[in-house]
Each structure stands twice: as structure tokens, then as C-alpha cells.
């Protein structure tokens, strides 16, 4: 298969009022040994994508919270990452999870940038958290989906199988 590296796009200038990089997406190295392509996204970049909002409880918080943010698929689309790509998500503490293509659809999961309408910080599992609507159905409250719910997300690494 073709390497993803050549397809990552960085065609939008960051919002000058919010230039802090929250998420880095790194593509595969090419077969010729070239450096992997990298895309860095700010809050403004992430919030410029279509937003999904849902209310759910989690194992890690009290009560129901309203999460909002772009879908993981829309972020990958923004980066030019094709469907069928395996994604490794990495947290600030180096916790890593692997999303198989079957774990990602057009609507879920989301990369939450806001909880109850407000940005959230590292002390509150932020500023990015991959979440599912756990209360929506048994298929979202599985051990596998809970394990993929990585908070303090800092990077996505792509690989094609």
C-alpha cells in the first residue's frame, strides 16, 4: 500500500489568536526513507471542523457531561489520511492505543475539545479527549471502547496495513 506521508496536508494557516498546537498527526515514513509528514493542529483548527455534541456519563467523571468536538474521522480527513488506515493515539503520559479501521466511522468517536461548552485543561483530562457516547448503547460501553477513550491526547500516528 502507499504510505500516508505524502498525503498529509497543512493547507490552513493557524489562527493567530490561538497558535498553541494541541494535536500532531504524523504519517508513515515513505518506502524511500523520507521523513514522515507532520500536521500540527490548534484549537482553532479543530473547532473549524464540523462539531458533534452528545451528553453521556463516563467511568472517570461524576454525572453526565456534554462533550463536543470534531469526529476522529473528520480530523483524519483534514489531514488527508485515507479510511482503512490504522491509527495510534498517544497521550501526554505516553499512554498509547491503536484504532483499527473498524473502530472509526463517520460519526464516532469524537475528539472532545469542550466539556459542557468549555475548553478543559490537563488537570481535567484535556485539552483533548477521545470519547464515545457510552450511555447511547451497549456497543459504546465495551471494554474495547473504554480502552480507546484516551485523554490528554497529543498525537495521532498513521500506518497502513
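The values are calculated or read from the model by the stated rules, or taken from the named source; none is laboratory data. A quick note: this is a predicted structure, and the numbers were derived from the prediction, not measured. Positions of Cβ are backbone-derived with ideal geometry, glycine not excepted, and every protein chain shown enters the neighbour counts.
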Original post:
Would you call residue 23 touching a helix residue (DSSP H, G or I) at 6+ places or on another chain (Cβ under 9 Å), assigned to a strand (DSSP E or B) and either at pLDDT 50 or above or closer than 15 Å to residue 127 by Cα (or both)?
Top reply: yes
**OP:** Specify which of the listed residues (92, 72) is in contact with a strand residue (DSSP E or B) (Cβ under 9 Å, 6 or more places away or on another chain), at pLDDT 95 or above, crowded, with 19+ Cβ neighbours inside 10 Å and within 19 Å of residue 128 (Cα to Cα).
**Re:** 72
Original post:
Are any of the residues in segment 135-153 within 14 Å of the chain's Cα centre (by Cα), surrounded by fewer than 19 Cβ atoms within 10 Å (Cβ to Cβ), in contact (Cβ under 8 Å) with a residue 60 or more places away in the chain and not in a helix (DSSP H, G or I)?
Top reply: yes
**OP:** Hand me the list of strands (runs of 3 or more DSSP E) wholly inside segment 34-128 holding 2 or more residues that are more than 16 Å from residue 154 (Cβ to Cβ) and touching a residue at least 24 places away in the same chain (Cβ under 8 Å).
**Re:** 52-57, 64-69, 85-91
Original post:
Among the residues of segment 152-161, is any within 19 Å of residue 63 (Cα to Cα) and either at pLDDT 95 or above or touching a strand residue (DSSP E or B) at 6+ places or on another chain (Cβ under 7 Å) (or both)?
Top reply: no
Subject >> Matching residues, segment 100-117, being surrounded by 17 or more Cβ atoms within 10 Å (Cβ to Cβ) and within 18 Å of residue 22 (Cβ to Cβ) >> reply: 109, 110, 111, 112, 113, 114, 115
Original post:
Does residue 99 qualify as being touching a helix residue (DSSP H, G or I) at 6+ places or on another chain (Cβ under 9 Å) and under 21 Å from residue 24 (Cα atoms)?
Top reply: yes
